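Notes follow once the structure below has been shown.
The values are calculated or read from the model by the stated rules, or taken from the named source; none is laboratory data. Just so we're clear, the structure is a prediction, and the values are computed from it rather than from any experiment. No Cβ is skipped: glycine too gets one built from the backbone with ideal geometry, and neighbour counts run over all protein chains shown. Heavy atoms of the whole protein, side chains included, go into the accessibility calculation; ligands, DNA and RNA do not. Shrake-Rupley method; radii C 1.70, N 1.55, O 1.52, S 1.80 Å.
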There are 2 protein chains.
Amino acid sequence: MEAAGNGPKIGIDGPTNPMVTPLLTDLYQFTMAYAYWKAGKNNERAVFDLYFRRNPFGGEYTVFAGLEECIKLIANFRFTEDEIAFIQESLPSSCEVGFFDYLRGLDCSDVEIHAISEGFVVFPKIPLMRVEGPVAVVQLLETPLLTLINYASLVATNAARHRFVAGKSKLLLEFGLRRAQGPDGGISASKYCYMGGFDATSNVAAGKLFGIPLRGTHSHAFVSSFMGLDEITERSLQSCDGSNVCEDFVSSVQTWLSKLKLSYLLGGIFGETNQSELAAFISYALAFPKNFLALVDTYDVMRSGIPNFCAVALALNDLGYKAIGIRLDSGDLAYLSCESRKFFQAIEKEFVVPDFGKTGITASNDLNEETLDALNKQGHEVDAFGIGTHLVTCYAQPALGVVFKLVEINNQPRIKLSEDVSKVSIPCKKRCYRLYGKEGYPLVDIMTGENEPPPKIGERILCRHPFNESKRAFVVPKRVEELLKCFWPGRSGKDREELPSIKLIRERCIEQLNQMRPDHMRRLNPTPYKVSVSAKLYDFIHFLWLNEAPVGELL
Amino acid sequence: MEAAGNGPKIGIDGPTNPMVTPLLTDLYQFTMAYAYWKAGKNNERAVFDLYFRRNPFGGEYTVFAGLEECIKLIANFRFTEDEIAFIQESLPSSCEVGFFDYLRGLDCSDVEIHAISEGFVVFPKIPLMRVEGPVAVVQLLETPLLTLINYASLVATNAARHRFVAGKSKLLLEFGLRRAQGPDGGISASKYCYMGGFDATSNVAAGKLFGIPLRGTHSHAFVSSFMGLDEITERSLQSCDGSNVCEDFVSSVQTWLSKLKLSYLLGGIFGETNQSELAAFISYALAFPKNFLALVDTYDVMRSGIPNFCAVALALNDLGYKAIGIRLDSGDLAYLSCESRKFFQAIEKEFVVPDFGKTGITASNDLNEETLDALNKQGHEVDAFGIGTHLVTCYAQPALGVVFKLVEINNQPRIKLSEDVSKVSIPCKKRCYRLYGKEGYPLVDIMTGENEPPPKIGERILCRHPFNESKRAFVVPKRVEELLKCFWPGRSGKDREELPSIKLIRERCIEQLNQMRPDHMRRLNPTPYKVSVSAKLYDFIHFLWLNEAPVGELL
């Protein structure tokens, strides 16, 4: 924990991943920094906006995430001698040594960062972050800030979308570590999926780092590592209240299995179950009598896994333990979950075991938004979903195009033109507001020039599409929320916004998603949320645009 | 650098990313380890195979990568007290404390790892890694090994595929850091793209960690940060050989710009160029006279960027410097590269500047296999490609399904059945060979039981498809290569294969790709490479399968 150079001493830890250093950037940030320095421009005051151009996954909303890690980087942004030596090696030998002295003294004490709060629902073109400071320093920050925001926001959004389809009552478990894009992909995924509305992760490292609840039971390998019941040597199990001991839990399970086989309601559904599976389940129950959850699809769900599970669960029940449930990891999850539920309910009825019909059903196996949606349509009895590959790699769209554009330098607004109108940047140092309507929904986000008066509650304001002349609307806001807050004041003397805990960010995110008008959130043909500029900013953009664009000649 | 517990002291550093610890695993590996321990099974000797089921990107080959990081993890696999305390917190409080003492003493000194060499071309079903050891320990390794192999192999394969389309003569630059899935996604991408055949990266941290060549110049922000030529105060530039000084390099550039405007061959192509762009180019050239490469599409490539670049390059040329070239980052890259080339060639001819026509052209902007292929078909003049998002996020398929399956425990072979034949595992501790034909191409990979005699050069051997009875072929190999080598001997006393440098792995990978029969490598409808089992293993698989599968009843 090192305070930023000459700036105020603020005790902010470094980034979670120690590999996030000022070297985690593109070489061209250093070549540019050198060129700025060489031209005497390095301390010119620049304003960059960090924003994206299109919501991911064909949706109309995005969850902003990654801010805390950015501030942790900024607060500790200093080069080590070792890093400076490497930069010197990597640049042409003609570079003057004065530059490396400049890097030696460099930190972010003169940088000012305004950002939208982490966990907010955000929209295209609105700056998620406005970074102001000496142009060479801010330029160096471009790549690490993008790296820390791009994936974080993408995967948090993906998690929120999965939650939306699964419904609020389901337990959502992130199981993606093994398929993630590298170790940090895995750890970030666990963090930001939790932020976006998941309940727990399988990733132990993420549990330790961020306090995310952990979940997990056993795999197919555990089941197939057993050969038969004679492997179980220690067969006794104490009852839950400690009042008695069952000397042969294996026999007790076998007795239940025979009862199930002969049962009136279940009769004939299954014959001989797989004995190595049964041995695995019994061993697991002996190890975790209070937390018995079994993976039931290693051999055959309905003919082996479910009867074996129920026999063990009923034997546990005799000792006062309540089994947690089953996990299904293959096959037709809608059908198998419904059949399993019927089986559990039949047992509750026939053997009078209260709540046995409500035994938990967890489903996994390559789940994604589409399969969750299909399960909903077919009808299913799943209580918890374990989601991995599609969630953490953002399979449906593995990258979010967050960009970092210069909008002002030395108080001069700058615009980046493009053949593609959607790629034209919105110039000027700006303020951004979210305007709420009388029903409590956000209606529109609006960007204004830094010095324009803010929109006022109850006063009509014209909101214009930044590039489309004909799209404009008057709005009378019932509430006005300024979006960009100061998270790193630099030398400005402003108050610094606190970095809340991940649990608070998660709650804020869920609340933010809940307050959106439902038509923006639906999976199919959602309505775009409106993003606008003030009339004054509109006029200025178009004045600047005409000024900068070369006049074509048709030859 | 810590040697593995009780095992032989081997000086192998820990994983590149310090977040790769024994906690980077799924919780269920610990619950299973506990259940194994509780059942007295934890030291049973197990063999797990790590393999994938399908080549990615619709292709018929995969590059194996990530092995070195796995061995680094294994060599340093020890729990800290802090980690053990966290595991204890995370497991049910009923867990016996003896288990945590067991974890305290645990390392990989009794684990044995055979693997295919990193950088090899590999195919479905063949174990990339065979991990043998106490079942509880090997189980704990599952998730981190998968995490380290899955993305590494995926992105190395993606890089190899991009190289294949771009052709051997092009320079390929990885520019993906800002869009990668987290910081480690970025650093791993840089490492494994280089391994898969890229030439350089923009990622400075990866350059430092792995010695990968670095590339980069400047961005649009650099260009738009300039307002005009009067910003350039220091205007002198020494000639390349130091023999003289041009006192006003700006004027020299302006003179060239006028000449170009009046030129016979170029006459009328452009009018007034953008002066802030010109100022940026001149500043960059003054900073890097030997490495002048300009991004030419901030305003208008043919009407501003190219003439401005050429004027600066020609002024540099007067002083004995040779400009490197231009970068195009938008628009029709085929057309713009050809037009730029014509412009350069016209200058070479009219002003007699040797080799000016060969000035380098780098292209970037959302490139991928398809766009490279389209550029090839249209014809282009690009010398170097900068590829980011699609490369590092593996946009076309962001996950490789590498799995880790138990194939033997206590010398008993195990099989994992599935409704889906492609998901049935191949049981037994196995050996794997690559058989080469008389033309030098690999013909087929074959798996045999551990104790079967190896295939012999010149002797006919029957290669059978593991699951399809009718697919089989006799092969007379001209060369036999054993694929699985011992990278971690544990207590076996075997020799340990060295971990070669990344440069050597890269060379091996390029060589491996070159020796494949071209029809396996083509983008459209490639021929699947054959993967087989010996006749003896085939019979055994099917015996075991019938033994384990429940007999169905049609009701």
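I'm trying to understand the selection: among the residues of segment B:427-463, which are of a type in the set (D, E, K, R), open to solvent by 10 Å² or more (accessible area, probe 1.4 Å) and out of contact with any Cys (no Cβ under 9 Å at 6 or more places or on another chain)?
B:429, B:431, B:438, B:439, B:452, B:456, B:459, B:460 - these are the residues of segment B:427-463 that are of a type in the set (D, E, K, R), open to solvent by 10 Å² or more (accessible area, probe 1.4 Å) and out of contact with any Cys (no Cβ under 9 Å at 6 or more places or on another chain).
Identify all residues within segment B:223-251 that are of a type in the set (Ser, Thr, Tyr) and either closer than 26 Å to residue B:278 by Cβ or open to solvent by less than 40 Å² (accessible area, probe 1.4 Å) (or both); write none if there are none.
B:224, B:225, B:233, B:236, B:239, B:251 - these are the residues of segment B:223-251 that are of a type in the set (Ser, Thr, Tyr) and either closer than 26 Å to residue B:278 by Cβ or open to solvent by less than 40 Å² (accessible area, probe 1.4 Å) (or both).
Please work out which residue is nearest to residue B:449 (Cα to Cα), limiting yourself to segment B:138-168 and to residues that are aliphatic (A, V, I, L, M), away from chain A (no Cβ under 11 Å) and out of contact with any Asp or Glu (no Cβ under 7 Å at 6 or more places or on another chain).
That would be B:141.
Please verify whether residue B:366 is acidic (Asp, Glu), more than 19 Å from residue B:123 (Cα to Cα) and at pLDDT below 95, treating the condition exactly as stated.
yes
Please determine, by comparing only the residues of segment A:285-335 that are of a type in the set (Ser, Thr, Tyr) and assigned to a helix (DSSP H, G or I), which one is modelled with the highest pLDDT.
By that ranking, first place goes to A:335.
Applying the selection to segment B:252-273, what residues are without any contact (Cβ under 8 Å) to a residue 12 or more places away in the chain and either in a loop (DSSP other than H, G, I, E, B) or small (Gly, Ala, Ser) (or both)?
Across segment B:252-273, the qualifying residues are B:258, B:267, B:268, B:272.
So how many residues does segment B:191-202 have that are more than 7 Å from chain A (Cβ to nearest Cβ) and not in a helix (DSSP H, G or I)?
Total satisfying the criteria: 6.
Give me the pairs, please: first residue somewhere in segment A:356-380 and part of a loop (DSSP other than H, G, I, E, B), second residue anywhere and polar (S, T, N, Q), beta-carbon distance under 6 Å, and either six or more positions apart or on two chains.
The qualifying pairs are A:365/A:330; A:380/A:337.
Has segment A:513-526 got any residue that is of a type in the set (Lys, Arg), without any contact (Cβ under 8 Å) to a residue 24 or more places away in the chain and not in a helix (DSSP H, G or I)?
Looking for residues that are of a type in the set (Lys, Arg), without any contact (Cβ under 8 Å) to a residue 24 or more places away in the chain and not in a helix (DSSP H, G or I), one finds at least one in segment A:513-526, hence yes.
Working only within segment A:474-492, note down all residues that are at pLDDT 95 or above and either among the polar types (S, T, N, Q) or open to solvent by 20 Å² or more (accessible area, probe 1.4 Å) (or both).
A:474, A:476, A:478, A:479, A:480, A:481, A:482, A:485
Based on this model, can you work out whether residue B:43 counts as surrounded by fewer than 24 Cβ atoms within 10 Å (Cβ to Cβ), over 33 Å from the mean Cα position of the chain (by Cα) and either under 25 Å from residue B:515 (Cα atoms) or modelled with pLDDT of 95 or more (or both)?
yes
Can you confirm whether residue A:299 is more than 30 Å from residue A:243 (Cα to Cα) and more than 33 Å from the chain's Cα centre (by Cα)?
yes
(1) farther than 30 Å from residue A:527 by Cβ; (2) away from every other protein chain (no Cβ under 12 Å); (3) surrounded by fewer than 18 Cβ atoms within 10 Å (Cβ to Cβ): which one isn't true of residue A:53, the others all being true?
Unmet for residue A:53, out of (1) farther than 30 Å from residue A:527 by Cβ; (2) away from every other protein chain (no Cβ under 12 Å); (3) surrounded by fewer than 18 Cβ atoms within 10 Å (Cβ to Cβ): (1).
State all residues of segment A:300-325 that are out of contact with any Asp or Glu (no Cβ under 7 Å at 6 or more places or on another chain), closer than 21 Å to residue A:279 by Cβ and either among the charged types (D, E, K, R) or within 14 Å of another protein chain (Cβ to nearest Cβ) (or both); if no residue qualifies, say none.
Correct list: A:300, A:301, A:303, A:306, A:307, A:312, A:316, A:318, A:319, A:321, A:323, A:324.
Kindly indicate the residue of segment B:19-40 that is open to solvent by less than 20 Å² (accessible area, probe 1.4 Å) and polar (S, T, N, Q) and also nearest to residue A:179 (Cα to Cα) among those meeting that condition.
It comes out as B:25.
Scan segment B:408-425 residue by residue and report those that are in contact (Cβ under 8 Å) with a residue 40 or more places away in the chain and open to solvent by 10 Å² or more (accessible area, probe 1.4 Å).
B:408, B:410, B:411, B:413, B:417, B:421, B:422, B:423
In the list B:146, B:172, B:140, which residue meets the criterion of being closer than 19 Å to residue B:127 by Cα, touching a Lys or Arg at 6+ places or on another chain (Cβ under 9 Å) and open to solvent by less than 10 Å² (accessible area, probe 1.4 Å)?
B:146
If you take the residues in segment B:207-222 that are more than 9 Å from every other protein chain (Cβ to nearest Cβ) and touching a Phe, Trp or Tyr at 6+ places or on another chain (Cβ under 9 Å), which one is most open to solvent (accessible area, probe 1.4 Å)?
Checked segment B:207-222; the qualifying residue most open to solvent (accessible area, probe 1.4 Å) is B:213.
Could you list, in sequence order, the residues of segment B:286-299 that are among the small types (Gly, Ala, Ser) and more than 9 Å from chain A (Cβ to nearest Cβ)?
Across segment B:286-299, the qualifying residue is only B:294.
Quick one: is residue A:466 over 26 Å from residue A:16 (Cα atoms), in contact with a strand residue (DSSP E or B) (Cβ under 9 Å, 6 or more places away or on another chain), in contact (Cβ under 8 Å) with a residue 60 or more places away in the chain and open to solvent by less than 70 Å² (accessible area, probe 1.4 Å)?
Spelling it out, residue A:466 is indeed over 26 Å from residue A:16 (Cα atoms), in contact with a strand residue (DSSP E or B) (Cβ under 9 Å, 6 or more places away or on another chain), in contact (Cβ under 8 Å) with a residue 60 or more places away in the chain and open to solvent by less than 70 Å² (accessible area, probe 1.4 Å).
Which condition from (1) modelled with pLDDT under 95; (2) of a type outside the set (S, T, N, Q); (3) open to solvent by 30 Å² or more (accessible area, probe 1.4 Å); (4) touching a His at 6+ places or on another chain (Cβ under 9 Å) is the one that residue A:405 breaks?
Going through (1) modelled with pLDDT under 95; (2) of a type outside the set (S, T, N, Q); (3) open to solvent by 30 Å² or more (accessible area, probe 1.4 Å); (4) touching a His at 6+ places or on another chain (Cβ under 9 Å) one by one, residue A:405 breaks only (1).
Check A:438, A:423 and return the single one that is more than 30 Å from residue B:332 (Cα to Cα), out of contact with any strand residue (DSSP E or B) (no Cβ under 6 Å at 6 or more places or on another chain) and basic (Lys, Arg).
None of the others qualify; the one that does is A:438.
Restricting to segment B:181-190, and then to whatever is facing another protein chain (nearest Cβ under 10 Å) and touching a strand residue (DSSP E or B) at 6+ places or on another chain (Cβ under 9 Å), can you tell me which residue is surrounded by the fewest Cβ atoms within 10 Å (Cβ to Cβ)?
If we take residues in segment B:181-190 being facing another protein chain (nearest Cβ under 10 Å) and touching a strand residue (DSSP E or B) at 6+ places or on another chain (Cβ under 9 Å), then B:187 is surrounded by the fewest Cβ atoms within 10 Å (Cβ to Cβ).
Hey, any hits in segment A:261-269 for a residue that's under 22 Å from residue A:345 (Cα atoms), facing chain B (nearest Cβ under 10 Å) and open to solvent by 10 Å² or more (accessible area, probe 1.4 Å)?
The answer is yes, given that some residue of segment A:261-269 is under 22 Å from residue A:345 (Cα atoms), facing chain B (nearest Cβ under 10 Å) and open to solvent by 10 Å² or more (accessible area, probe 1.4 Å).
Please go through (1) within 11 Å of chain A (Cβ to nearest Cβ); (2) part of a loop (DSSP other than H, G, I, E, B); (3) not aliphatic (A, V, I, L, M) for residue B:30 and return the number of the only condition it doesn't satisfy.
(2)
For segment B:303-324, check the following and say yes or no: at least one residue is surrounded by fewer than 22 Cβ atoms within 10 Å (Cβ to Cβ) and touching a Gly at 6+ places or on another chain (Cβ under 6 Å).
Yes, segment B:303-324 contains a residue that is surrounded by fewer than 22 Cβ atoms within 10 Å (Cβ to Cβ) and touching a Gly at 6+ places or on another chain (Cβ under 6 Å).
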